Amino acid sequence: RICMTIYNFSAGPAVLPKPVLEIAQSEMLDYKGSGMSVMELSHRSSLFEAIIQDAESLLRELMAIPDNYKVLFLQGGASLQFSMVPLNLAQGKKALYVNTGSWSKKAISAAKALENIEVEVIASSEEQNFTSIPELPETVDQKAAYVHITTNNTIEGTAYAKIPSYGDVPVVADMSSNILANDYKVEDFGVIYAGAQKNIGPAGLTVAIVREDLLNQEAVFAPMLDYALQAKNNSLYNTPPTYAIYIAKLVFEWVKEQGGVAGITAKDREKAQLLYDAIEKSNLFKSPVEKASRSLTNIPFVTGDEALDKAFNQAALVEGFENLTGHRSVGGMRASLYNAFPLEGVEALIAFMEKFEQENGG
Ligand code: PLP
């Protein structure tokens, strides 16, 4: 496959902007005349301090993060946040969850595994096989610590059209697969967290945005899991994932050049609309997801015939469409169209789907 164009539809780690990789390549051996790679810089050096500070201020600017929110660069993936959120926010309290798919379920089990925290699932679309976002209650127990939602369900391909609001009870969001790809307002959330490996940068970095009044008053038993301690140390309590933070900074600069989140979201909508229209038009491919709940970033589709799905996935791979196979728990196909995924890749996929349909009696 020498010189063949590859389109990477991976759900994560995902495609990164080419210009970002080119800058990283050009600076790989000698960062700003230091004679060192970013990987070799001390995390206490002035060069790295500038990187982490720029990364934070760019993210604040892109997401319009108010001053009363801390931005934390952590490790452990979004999965560690499944435990950190309840540990920091819900000691001795009740935590409410909306169950919209595999990742929500993992967040719920992680909270349930903790002592001293009561977990209640207030809505679920499990009975509908997670093909939609469930109807949510209008009000919740005002003594609850938070309501946890997964804004975009990476595996099932659903997303919230509207973020719920519950008075004094903050909404905590796992935004791993649509951070920097929506017009949400940070003020509508108490905590936002995301693993970096989709819209931010390399795996290994996790971003958490925490409203200051929600920072834990009492120390969490393990210092690394303590939001307040991480915030007090400006994410430098221990050695942070320095190279991932550097790439994230470059990605944030790239997003800014694309017209910021508004500019990038317009492109994301265009890409998603093209693919959804093609699926609607097709007699072979179908979307398993209810229209009002469809994700812009992860778009599953099926033929309804497992053998045909498999044939499609095999043929797609030969043509250079990488990572199109649906998650092992749902099967079929899934196109993840994160911010760095090019429009040409969507057009090429649609042309290939049309050809496959013609050849397979669609
Ligand atoms: N939450 C969502 C919505 C995800 O898509 C993922 C990973 O794909 C995770 C959580 C888990 O993230 P991590 O692998 O960073 O722990």
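Could you list, in sequence order, all residues of the stretch 59-108 that are of a type in the set (A, V, I, L, M, F, W, C), part of a loop (DSSP other than H, G, I, E, B) and either within 15 Å of the ligand (Cβ to nearest atom) or over 26 Å from GLN258 (Cα atoms) (or both)? Answer for the stretch 59-108, where residues must be of a type in the set (A, V, I, L, M, F, W, C), part of a loop (DSSP other than H, G, I, E, B) and either within 15 Å of the ligand (Cβ to nearest atom) or over 26 Å from GLN258 (Cα atoms) (or both): just ALA90.
Taking (1) within 17 Å of the chain's Cα centre (by Cα); (2) farther than 18 Å from GLN230 by Cα; (3) surrounded by fewer than 23 Cβ atoms within 10 Å (Cβ to Cβ) in turn, LYS93 satisfies each apart from (1).
In the stretch 153-193, which residues are free of Cβ contacts under 8 Å to residues at least 24 places away in the same chain and either surrounded by 24 or more Cβ atoms within 10 Å (Cβ to Cβ) or within 12 Å of the ligand (Cβ to nearest atom) (or both)? Let's see the steps before the verdict.
Initial filter on the stretch 153-193 (free of Cβ contacts under 8 Å to residues at least 24 places away in the same chain): 162, 165, 192.
Once the filter is applied, which keeps residues that are free of Cβ contacts under 8 Å to residues at least 24 places away in the same chain and either surrounded by 24 or more Cβ atoms within 10 Å (Cβ to Cβ) or within 12 Å of the ligand (Cβ to nearest atom) (or both), the stretch 153-193 yields only ILE192.
Condition first: in contact (Cβ under 8 Å) with a residue 60 or more places away in the chain, over 29 Å from ASN8 (Cα atoms) and assigned to a loop (DSSP other than H, G, I, E, B). Now tell me which residues in the stretch 194-220 satisfy that. The answer is LEU215, ASN216, GLU218, VAL220.
Taking the stretch 242-280 only, how many residues are among the small types (Gly, Ala, Ser), crowded, with 19+ Cβ neighbours inside 10 Å and in contact with a helix residue (DSSP H, G or I) (Cβ under 9 Å, 6 or more places away or on another chain)?
Taking the stretch 242-280 first, the residues among the small types (Gly, Ala, Ser) are 244, 248, 259-260, 262-263, 266, 272, 278.
Those still in the list that are crowded, with 19+ Cβ neighbours inside 10 Å too: 244, 248, 272, 278.
From the residues that got through so far, the ones that are in contact with a helix residue (DSSP H, G or I) (Cβ under 9 Å, 6 or more places away or on another chain) too are 248, 272, 278.
Matching residues across the stretch 242-280 total 3.
Exactly one residue among LEU87, LEU136, LEU114 is in contact (Cβ under 8 Å) with a residue 24 or more places away in the chain and in contact with an Asp or Glu (Cβ under 9 Å, 6 or more places away or on another chain), and that residue is LEU87.
When the residues of the stretch 194-222 are filtered to those that are buried (at least 24 other Cβ atoms within 10 Å of the Cβ) and among the β-branched types (Val, Ile, Thr), the one that is farthest from the chain's Cα centre (by Cα) is VAL210.
For the stretch 341-361, the set of residues classified as in contact with a helix residue (DSSP H, G or I) (Cβ under 8 Å, 6 or more places away or on another chain) and not aromatic (Phe, Trp, Tyr) consists of LEU343, VAL346, GLU347, LEU349, ILE350, MET353, GLU354, ASN360, listed by residue number.
Values in this text are rule-based calculations from the coordinates and carry no lab data. Note that the coordinates shown come from a computational prediction; the quantities given were computed from them, not determined experimentally. In this analysis, Cβ positions are derived from the backbone assuming ideal geometry, glycine residues included, and neighbour counts consider all displayed protein chains.
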